[in-house]
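Remarks on the structure that follows.
Each reported figure results from applying straightforward, stated rules to the coordinates on display, with no laboratory input. Note that this is a predicted model, so its numbers are computed, not measured. Note that we place each Cβ from the backbone using ideal geometry, even for glycine, and neighbour counts take in every protein chain shown.
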Amino acid sequence: MATKKQTTKDTASEPVRCSGGVCDPRRTQGLKAPAPKGTHTLVNLTGPGLFLSANVTKQGGPTDLTFVILEIDGRNVVNFSFAAARNVGLTQANPYGIQYLSGAGVESFAIGWPSPLVFKKSLKLSVTVNETDVVQIVGNVVTGSL
């Protein structure tokens, strides 16, 4: 469990226990609308921190050849297209940490593992659009501090 020095006047220097080892959870969102062909960074964070989860939604695009890319400290962690995630059966919760979900005109790509991943320097969530008519892409990343 992570500890963090508390800075309030009443209990200065007492450690604070964060539930499940995650302190200061926050959501960071990125939007690209419209999303033309090419690579687009949705979220770019500097570390250190803990990656908890991410979600990318895509509206439009006829082929689903838009790739979701997660890099932690310059290392590729996820690089999957919406079509590939659907075609290999990542359509329900699984230990690999990727799940494809579809709705009415919107597709969603969820990323998360049972344990947080540490990033020391950087975390980047991006997409590479290889299809036309993508109306918008929204990316959300949930992180915490060490």
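Taken over the stretch 100-144, the residue count meeting the criterion of being of a type outside the set (S, T, N, Q), assigned to a strand (DSSP E or B) and out of contact with any strand residue (DSSP E or B) (no Cβ under 9 Å at 6 or more places or on another chain) is 1. Which one is surrounded by the fewest Cβ atoms within 10 Å (Cβ to Cβ) among residues in the stretch 27-65 that are in contact with an Asp or Glu (Cβ under 9 Å, 6 or more places away or on another chain) and among the charged types (D, E, K, R)? If we take residues in the stretch 27-65 being in contact with an Asp or Glu (Cβ under 9 Å, 6 or more places away or on another chain) and among the charged types (D, E, K, R), then 37 is surrounded by the fewest Cβ atoms within 10 Å (Cβ to Cβ). The selection criterion, being within 25 Å of residue 96 (Cβ to Cβ) and either basic (Lys, Arg) or not in a strand (DSSP E or B) (or both), does not hold for residue 41.
The set of residues in the stretch 124-146 that are over 24 Å from residue 59 (Cα atoms) and surrounded by 21 or more Cβ atoms within 10 Å (Cβ to Cβ) contains only 143.
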